[in-house]
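Every number here is computed from the coordinates shown, using simple stated rules; none is lab data. Here the structure is a predicted model, which means the values were calculated and not measured. Cβ placement follows ideal geometry from the backbone for every residue including glycine, while neighbour counts extend to all protein chains displayed.
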Amino acid sequence: MIFSQSELPEDGLNLTRVNDNDVPALVENLEQGMIMLEGARNNILSEIYFSVKAIVFFTQPEKDYQVLSFTGDMMQTLIFINGKKDNSHVFIIDKLIHEAAHTYLFLINLHEEMVLNSREKIYASPLRSDKRDMFGIYHSTFVIQRLIFSFGNILIHSSNLTEPDHCAIRDLVNMYYQKLDQGYEVTKNTENYQSWLRT
């Protein structure tokens, strides 16, 4: 998730680091999720090792605006994952793949602007209920593609998946395919999407 200032509550986000007692289980589930990715026989895991150098698990009051995970272009290689909302390995690896895809694009963006659109014009977003500028739409669509690719390969190649894991991942893939179509519809329109590739 990428935030713009207008999307945040007026008093900001009230985030705290998870309790130290919760960290071992979170790390264990993170490692279990990475083993699943390793068995998927694709290069996503090496991409994650390259683009993510630190993970912070956080919690927040239930009454607050809920955040599942986030990163930003000013936090290169650092990602944050909600460690209280759902500490399962499928949830954690979903958020790791998601935020790692953002950091990957941020790293490219350090050297080459990929989206030249004005931030003023906004479009329907595939991952959010609010409208986003083209930078956000491009990021979302790329993230969804990475999630489908990763989880799809886990379903095909990972031999140790439990039935609940298989069902949870299959449901995620089906959901992400629907969202990919939404993002692609916006970005495929050359009048909408402007980049150095099209100049």
- line: With residue 106 itself left out, Lys, Arg at +1 and Asp, Glu at -1 over residues whose Cβ is under 14 Å from its Cβ give -3
- request: Highest first, please rank the peptides 121-131, 17-27, 82-92 by the mean number of other Cβ atoms sitting within 10 Å of their residues.
  value: 82-92, 121-131, 17-27
query: Among 155, 180, 116, which one shows the biggest mean-square fluctuation in a GNM of the chain, springs joining Cα atoms closer than 10 Å?
result: 116
- request: Using DSSP, restrict attention to beta bridges with both residues in the chain and report what percent are antiparallel, rounded to the nearest 5.
  value: 55 percent
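How would you rank 144, 156, 81, 169, going from fewest to most other Cβ atoms within 10 Å of each one's own Cβ? If you can, show how the numbers build up before the last one.
Working: 144 24, 156 10, 81 27, 169 21.
Ranking 144, 156, 81, 169 by Cβ neighbours within 10 Å, fewest first, gives 156, 169, 144, 81.
Between residue 88 and residue 110, what FRET efficiency follows from the Cβ-Cβ distance if R0 is 41 Å, with the result rounded to 0.05? Intermediate values should be presented prior to the final figure.
Values: r = 33 Å, r/R0 = 0.81.
E(calc), rounded to 0.05, equals 0.80.
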field: Binned Cα-Cα distances of the stretch 126-173, short to long, each 5 Å bin given as a whole percent
entry: 5, 21, 23, 17, 12, 11, 8, 4, 0
task: Return the distance in nm (one decimal) between the two label points of a simple spin-label model at residue 163 and residue 128, each offset 7 Å from Cα along Cα→Cβ.
output: 4.0 nm
message: Could you tell me the calculated FRET efficiency between residue 17 and residue 155, based on Cβ-Cβ distance and R0 = 41 angstrom, to the nearest 0.05?
response: 0.80
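Relative to the present Cα-Cα distance, how much length would full extension add between residue 170 and residue 118 at 0.36 nm per residue of separation? It would help to have the intermediate numbers written out before the result.
Values: separation 52, 0.36 × 52 = 18.72 nm, distance 3.64 nm.
Full-extension gain reported as 15.1 nm.
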statement: Note: residue 41 to residue 63 extended length (0.36 nm per residue) minus current alpha-carbon separation gives 3.9 nm
